[in-house]
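Accompanying notes for the structure given below.
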Amino acid sequence: MDAVAVPPTRRALLRTAFTAAVLAGTAAALAPVLRARRPRPVTAPAPLAEETYRGRHIAVRSHQVWIDGRPLHVMRRADGSYLSGINHFESFATPLELARAAVDELGTERLALAAPHHG
Amino acid sequence: MHTRQNQKNLTGAQKKRFVAALLELKRNGTYDEFVRVHDRWFVPDRETKLRVGHMSPSFFPWHRRYLLEFENRLRALDPGLSIPYWDWTTDNSPVSSLWADDFLGGTGREGDRRVTTGAFAYDRGNWTINVRTSEAGYLTRNLGRPQNPIKLPTAAELQWALDAPLYDSDPWDSTAPDGFRNRLEGWAAPRSEKWRNHNKVHQWIGGHMTGGAAPNDPAFWLHHAFVDLLWDRWQQRHPGAGYLPDRPLPLGDLQRGRVISLDEPMPPWDVTPREMLSHQGLYRYEA
């Protein structure tokens, strides 16, 4: 599995939940130690939206977008609309529309693993 | 002083020399440095950082200086060269001579959008894409976006931008409600076709031209030479108007420190918009 590509599929989320359950068991044994520290807030991940568009897997969580498991560089305009590393000169109302536009522009090409960085 | 010609008037020999110089800049690494500079200074306007190249008043002076730097490198190789300009309101077809085998090459093939004709085709071995947003090591294009057709800006849409009496307006970003800069740069403030001039040309070419590493496509330079010429035309049409903002924004203005006023230095060169207002003595445009 790629170290950089982190496709947040449902399977991966389930795996995370399973790991958390196992850790919870371990935590029971360590409870006296942990109780001495400040309580850790449990935050649920934002809901994940997935779809297949023109044969490509799109995943959106909050403002983050993955295409076939690779992160799309997402940026915002002052009016709240979205731009990406693939679409710098046109903005879109939602991350999902942004992801579809990137797929349209990519054709059959995959995203780069590491995009160049901005200022 | 040299002359930037309309690309449609270049002779075969001039095209050959221009292409040869581009290939040499690519070979020695200079070209990719320029691609990185463009990408690095693209800052969208939701961020609170300084914006110099896009979504800001310094769109014109920043790109003027950027093109001058590039042109200097071309002319260091061949003093007879200059950046040609592409008037996309007239040469507005994917079969224009601009996209012929002897100049920029044509559109990308179906599927992976790979350019397969002309000197910048990957198989020729001289044009590998190193600053990548996609995995492609080859140049990509999608002229006219046939899957979802798009037209280049019309003469009327361009004229509407040139007619703007003000250079730019508060809040000096992609939502600026009026002004030549945003009308020409092309952020649809109210969403409509005429608000998309410069941006739409990037979209029409497609492939690398739609992304942050747009200068990977040599068409970038010809597009922006025309944008630079349009700044001249606006100045001639509105002799009493000038670059705005003409002084640093006051304390409390949300755009303070995020946009460049007339006498503030633009990175990465530390030149001011005032120094870029005219290119007299440096180059001229063929009528």
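Can you count the Lys pairs in the protein assembly as shown whose Cα atoms are under 20 Å apart, with each pair 8 or more apart or on different chains?
Details: B:Lys8/B:Lys16; B:Lys8/B:Lys151; B:Lys15/B:Lys26; B:Lys16/B:Lys26; B:Lys151/B:Lys194; B:Lys151/B:Lys200.
Count of close lysine pairs: 6.
Charges on Cβ only, +1 for Lys and Arg, -1 for Asp and Glu, centred on the Cα centroid of the protein assembly as shown; of B:Trp269, B:Val37, B:Leu282, which one is farthest towards the dipole's positive end?
Value computed over the given set: B:Val37.
How well do other chains shield peptide B:32-44, expressed as the mean number of their Cβ atoms within 10 Å of each residue Cβ? Provide the component values of the computation, followed by the final result.
Working: counts 0, 0, 0, 1, 2, 0, 2, 7, 4, 2, 8, 3, 11.
Per residue, the number of nearby Cβ atoms from other chains is 3 on average.
Looking at B:Trp195, B:Val227, B:Gly212, which one has the Cα that reaches farthest to the positive end of the dipole of the stretch B:170-236 (charges on Cβ: Lys, Arg +1; Asp, Glu -1)?
B:Trp195
Please compute, for peptide A:70-77, the average count of beta-carbon atoms on other protein chains lying within 10 Å of each residue's beta-carbon.
Numbers: counts 2, 0, 1, 3, 1, 7, 4, 9.
Mean shielding by partner chains, rounded to a whole number: 3.
Defining a contact as two alpha carbons under 8 Å apart and six or more residues distant in sequence, what relative contact order in percent does chain B show?
Details: 509 pairs, mean separation 66.7, N = 287.
Reported as a whole number, the value is 23 percent.
About its Cα centre, how strong a charge dipole does the stretch B:153-287 have in debye, to the nearest 20, once Lys and Arg get +1 and Asp and Glu get -1 at the Cβ?
Working: 13 positive and 18 negative charges, 53 e Å.
Dipole size: approximately 260 debye.
Name the most mobile residue of B:Arg233, B:Arg183, B:Arg65, meaning the one with the largest mean-square fluctuation, in a Gaussian network model of chain B with Cα contacts below 10 Å.
Looking only at B:Arg233, B:Arg183, B:Arg65, the largest GNM fluctuation is found for B:Arg233.
If neighbour count is taken as other Cβ atoms inside 10 Å, put B:Ser192, B:Ser96 in order from fewest to most. List each step's numbers first, then the result.
Working: B:Ser192 9, B:Ser96 18.
Least to most surrounded, the residues fall as B:Ser192, B:Ser96.
What translational diffusion coefficient, to the nearest whole µm²/s, does the stretch B:67-143 have by Stokes-Einstein, given a Kirkwood radius computed over alpha-carbon pairs, a temperature of 10 °C and 1.306 mPa s viscosity? Walk me through the numbers before you get to the answer.
On the way: Rh = 14.0 Å.
Approximately 113 µm²/s, per Stokes-Einstein.
Please state the shape class of the stretch B:207-277: rounded when a/c is under 1.5, otherwise prolate if a/b exceeds b/c and oblate if not, all from the C-alpha gyration tensor.
Values: a/c = 2.35, a/b = 1.38, b/c = 1.70.
In terms of gyration-tensor shape, oblate.
As a check on your grasp of the helix formula, calculate [θ] at 222 nm for chain B: sum -39500 (n - 2.57) over DSSP H runs of n ≥ 4, divide by the residue count, round to the nearest 500. Intermediate results must be reported in sequence, preceding the final value.
Details: 8 runs with 92 residues, N = 287.
Per the formula, -10000 deg cm²/dmol.
In vacuum, with every alpha carbon of the protein assembly as shown counted as one equal point scatterer, what does the Debye formula give for log10 I(q)/I(0) at q = 0.11, 0.14 Å⁻¹? Two decimals, please.
-0.82, -1.27
Rounded to whole Å and ordered largest first, report the semi-axes of the equivalent ellipsoid of the stretch B:134-287 derived from its Cα gyration tensor (root of 5λ).
Details: eigenvalues 149, 67, 65 Å².
The equivalent ellipsoid of the stretch B:134-287 has semi-axes of 27, 18, 18 Å.
Kirkwood hydrodynamic radius (Cα pairs, Å) of the stretch B:2-285?
Numbers: mean 1/r = 0.0519 Å⁻¹.
For the stretch B:2-285, the Kirkwood estimate is 19.3 Å.
Where a number appears in this text, it was derived from the coordinates with a stated rule and is not lab data. A quick note: this is a predicted structure, and the numbers were derived from the prediction, not measured. FYI the Cβ positions are ideal-geometry reconstructions off the backbone, even for glycines, and counts take in every protein chain you see.
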